[in-house]
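Colleague: Have a look at this one.
The values are calculated or read from the model by the stated rules, or taken from the named source; none is laboratory data. All of these numbers come straight from a predicted model, not from anything done at the bench. FYI the Cβ positions are ideal-geometry reconstructions off the backbone, even for glycines, and counts take in every protein chain you see. Side chains are part of the model used for accessible areas, which takes the heavy atoms of the whole protein and leaves out ligands, DNA and RNA. Shrake-Rupley method; radii C 1.70, N 1.55, O 1.52, S 1.80 Å.
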Amino acid sequence: QVQLGESGGGLVQAGGSLRLSCAASGRTFSSYGMGWFRQAPGKERESVAAISRSGGRTYYADTVKGRFTISRDNAKNTVYLQMNSLKAEDTAVYYCAAARRDIFTLTLLYDYWGQGTQVTVSS
């Protein structure tokens, strides 16, 4: 089992940047496919980005493509989400998640979830 903890959320003006981090417990981080999700009030959870076990493949929702970058450091058991050119519509609680398999597409099917971190973009 893996435990996940997100950090790096906060309040930022439109056009600004934030970098979210998700630290994972355990010694098998490199065996998990990882993803970032978000959920705004009154909306369904949305898959934002995903990354394969090795970090060699990444996937993005059309709404964030070109603005967000997912990456991972398997030596540090951490996955990141660099968010640039933020918009008011990016406001949401952001979650990271781990899957006990490799990742080949955006999906909501993950095995472990973090508690989330709030990102608020003011216009």
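Colleague: Being small (Gly, Ala, Ser), without any contact (Cβ under 8 Å) to a residue 12 or more places away in the chain and open to solvent by 30 Å² or more (accessible area, probe 1.4 Å) is true for just one of GLY26, GLY5, GLY56. Which residue is that?
Modeller: Exactly one of GLY26, GLY5, GLY56 is small (Gly, Ala, Ser), without any contact (Cβ under 8 Å) to a residue 12 or more places away in the chain and open to solvent by 30 Å² or more (accessible area, probe 1.4 Å), namely GLY56.
Colleague: What's the number of the only condition in (1) out of contact with any Phe, Trp or Tyr (no Cβ under 7 Å at 6 or more places or on another chain); (2) over 15 Å from THR105 (Cα atoms); (3) small (Gly, Ala, Ser) that GLY9 fails to meet?
Modeller: Result: GLY9 passes all but (1).
Colleague: When you scan segment 95-112, how many residues do you find that are at pLDDT 95 or above and in contact with a Phe, Trp or Tyr (Cβ under 6 Å, 6 or more places away or on another chain)?
Modeller: Adding up the residues that qualify gives 5.
Colleague: For segment 70-123, what are the residues that are more than 30 Å from GLN13 (Cβ to Cβ), part of a strand (DSSP E or B) and open to solvent by 30 Å² or more (accessible area, probe 1.4 Å)?
Modeller: Hit for segment 70-123 is TYR112, nothing else.
Colleague: Right, here's the next one. Within segment 9-65, can you find the residues that are of a type in the set (Asp, Glu) and not in a loop (DSSP other than H, G, I, E, B)?
Modeller: GLU46
Colleague: A further question follows. Does VAL12 satisfy the condition of being modelled with pLDDT of 95 or more, aliphatic (A, V, I, L, M) and at negative phi?
Modeller: Yes; evaluated as a whole, the condition is true for this residue.
Colleague: Which ones in segment 40-52 are open to solvent by 50 Å² or more (accessible area, probe 1.4 Å), in contact with a strand residue (DSSP E or B) (Cβ under 9 Å, 6 or more places away or on another chain) and without any contact (Cβ under 8 Å) to a residue 60 or more places away in the chain?
Modeller: PRO41, LYS43, GLU46
Colleague: Which one is nearest to ARG100 (Cα to Cα), of the residues in segment 59-69 that are in contact with a Ser or Thr (Cβ under 9 Å, 6 or more places away or on another chain) and open to solvent by 20 Å² or more (accessible area, probe 1.4 Å)?
Modeller: Checking each candidate, the answer is TYR59.
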